[in-house]
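First up is the structure itself, then whatever we jot down about it.
The values are calculated or read from the model by the stated rules, or taken from the named source; none is laboratory data. All values derive from a computational prediction rather than experimental measurement. Here the Cβ positions follow ideal geometry from the backbone for every residue, glycine too, while neighbour counts run over all protein chains shown. Just the protein is used for accessible areas: all its heavy atoms, side chains included, with ligands, DNA and RNA removed. Shrake-Rupley method; radii C 1.70, N 1.55, O 1.52, S 1.80 Å.
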Amino acid sequence: MNRRALDELKQQIPLLEYLQAHDWQQARPIGFGRLLGLCPLHADHKPSFLVDPTKNLFYCYGCRRGGDVIRFAELYHQVKFPQAVALLHQWRGLPPLLHEATGFYRMQLHRHGEAVAYLYQRGVRSPELIEHMRIGYAPGSCLRGWLTQLGYPLQALRQAGLVTGAGYDAYTHRIVFPLEGNLYGRSLSTTAPPHRFLPGAKGGLYSWERVRQCPEVILVEGLFDYAVLWQAGFHNVTCAMGTQLNAYQFRQLCDGMRSIYLTFDSDANGSGQRATQALAHRLREQRLKVCTVELPEGHDPNSFFVNGGDAGQFQALLEAARS
Ligand SMILES: [Zn+2]
């Protein structure tokens, strides 16, 4: 994550709000807007935990630790920096504007037969899955009107990348999946670029907080791969949204001891296999156990299931995976 994204995250999560959500109670104000209370980080008997809500900083005179909201999350949850950031992302959820857009897209999904038909064709069939992934549909030419009506200025919509410079909805005829701080849009049309993200980082591994406790994790390339696996009962699956992991995603994979089943596309030109080998090598350097899952040639997990593969067959592939 770059510096700007971290600053943004800190702005969106006021330290005091986060503390209060974790049951911190101020004992008394001590001037200049600062507050004093019991320290949540050590067994404190007289208030020694100082909070400056305007600077978004804390300091404890007892255990002599201090810092910003990320530092607090690290100490409080006893996790490392990347996990603290991930926890904060999860706690914050999507920024309000993207949250609103997600809700709108979700409403549209069942009003558009072409979207439901596309999902069906890609193997996305269970209502629980659609709910779990909060899948929506961007028909185009209606999001701008909806959000402006809610009072969001056009400038904000442009800045978020939801609306183009010319004023049109950026996502048109796209299935939309909300991510940590972004929205991924998969085009239904064959003439438009298939994959799009809004400006900004694609974020961490998909749904990482749900799977990071699993001793075995399946890593796939695309959200439609994730979808069919989850639907088939493999809930220990995560997705990198591409074969190139960003530094944040790589750190997440390495944040504990686990076995990783790399399940990238098996494409004829071998690029998926090369990406798999390169990543497997880097992960093994971090002493993780890595298995590479071999799909039938030309398949990705999505096409494997769409073409009649079932959970039992996929389980057999996992067991046959090479380490
Ligand atoms: Zn303390």
If I model a spin label as a point 7 Å beyond the Cα along the Cα-Cβ vector, how far apart are those points for residue 164 and residue 273 in nm? 4.0 nm
Classify region 186-259: rounded, prolate or oblate, from the alpha-carbon gyration tensor (a ≥ b ≥ c, eigenvalue square roots; a/c under 1.5 rounded; otherwise prolate if a/b is larger than b/c)? oblate
When every protein chain stays in place and a 1.4 Å probe is rolled, 69, 116 sorted by accessible area with the largest first are 116, 69
Accessible area (Å², 1.4 Å probe, nearest 10) - residue 241: 20 Å²
Considering Cα pairs under 8 angstrom that are at least six residues apart, work out the relative contact order of region 117-231 and quote it in whole percent. 24 percent
Evaluate the distance, in nm, between pseudo-label points positioned 7 Å from the Cα of residue 107 and of residue 71 along their respective Cα→Cβ axes. 4.3 nm
Any chance you could check the Cα centroid distance between region 44-102 and region 107-172 for me, in angstrom? 32 Å
Dividing the mean separation of Cα pairs under 8 Å (6+ apart) by the residue count of region 28-179 yields a relative contact order in percent of 14 percent
As a check on your grasp of the helix formula, calculate [θ] at 222 nm for the chain: sum -39500 (n - 2.57) over DSSP H runs of n ≥ 4, divide by the residue count, round to the nearest 500. -11500 deg cm²/dmol
Counting only the heavy atoms of the protein chains, how much of residue 299 is accessible to a 1.4 Å probe, in Å² to the nearest 10? 50 Å²
Relative to the longest principal axis of the C-alpha atoms of the chain, give the angle of the C-alpha long axis of helix 96-109, reported between 0 and 90° and rounded to the nearest 10°. 30 degrees
Once a ≥ b ≥ c are taken as the square roots of the eigenvalues of the Cα gyration tensor of the chain, is the result rounded (a/c under 1.5), prolate (a/b larger than b/c) or oblate (a/b not larger than b/c)? oblate
Counting only protein heavy atoms and leaving out ligands, DNA and RNA, the solvent-accessible surface of residue 216 at a 1.4 Å probe, in Å² to the nearest 10, equals 90 Å²
Normalised by the residues of region 176-302, what does the relative contact order come to in percent, with Cα pairs under 8 Å and at least six apart? 22 percent
Below 11 angstrom from the Cβ of residue 33, what's the summed charge of the other residues (Lys, Arg +1; Asp, Glu -1)? +1
